[in-house]
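Reading through the structure tokens given below for one structure.
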Amino acid sequence: MLEDLAQRILNDLDRPDTELSVLVTGDDEIRELNRQYRGLDRPTDVLAFPQLDSDNNFGNAGHDLLGDVVISRQRAEVQAREQGVQFDIEMRRLLAHGILHLLGYDHEGSDEDAAVMKELEDKYTLSG
């Protein structure tokens, strides 16, 4: 399911030949990554590690490697329960969120940017 969704998102957003890695892990590992790379010593639901430079060019990767998305299965389970949605819907939301960040979308810059990102996120979360 995640592989199919990732390919659909990349196709839709004009990156059909782009490669990315997805790691589904637990709270302990994502907490360590969050601490190491963001200085936040707590688990989070999703992390995105881009290989693109600020101009959306492939940097040191030397090929079309977009980056890495890391999802905490435990956070997804908790959030699905809290939101009253199925686990697979929350996993799709987190994957879409991570990929959109890798492609340069940002929900923290402005309300307009957040609205654009949420619209795309909802499109891929709800359409399966």
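Do we find a residue being modelled with pLDDT of 95 or more, over 19 Å from His107 (Cα atoms) and under 18 Å from the mean Cα position of the chain (by Cα) anywhere in the range 64-71? No, there is no match, as no residue in the range 64-71 is modelled with pLDDT of 95 or more, over 19 Å from His107 (Cα atoms) and under 18 Å from the mean Cα position of the chain (by Cα).
Restricted to the range 4-25, and to residues that are under 16 Å from Ala48 (Cα atoms) and exposed (fewer than 15 other Cβ atoms within 10 Å of the Cβ), which residue is modelled with the lowest pLDDT? Residue satisfying both the conditions and the ranking: Glu19.
Among the residues making up the range 77-128, those that are in contact with an Asp or Glu (Cβ under 7 Å, 6 or more places away or on another chain) and acidic (Asp, Glu) are Asp106, Asp113. If you go through the range 1-27 and keep only what is touching an Asp or Glu at 6+ places or on another chain (Cβ under 6 Å) and of a type in the set (Ser, Thr, Tyr), you end up with Thr18, Ser21.
In the range 73-84, the residues that are more than 18 Å from Ala96 (Cβ to Cβ) reach residues that are not in a helix (DSSP H, G or I) with C-beta atoms within less than 8 angstrom, at least six apart or across chains, in these pairs: Gln74/Gly26; Gln74/Pro43.
The values are calculated or read from the model by the stated rules, or taken from the named source; none is laboratory data. In this text, all values refer to a predicted model and were calculated from it rather than measured experimentally. For neighbour counting, all protein chains shown are included, and Cβ atoms are generated from backbone atoms with ideal geometry for every residue, glycine included.
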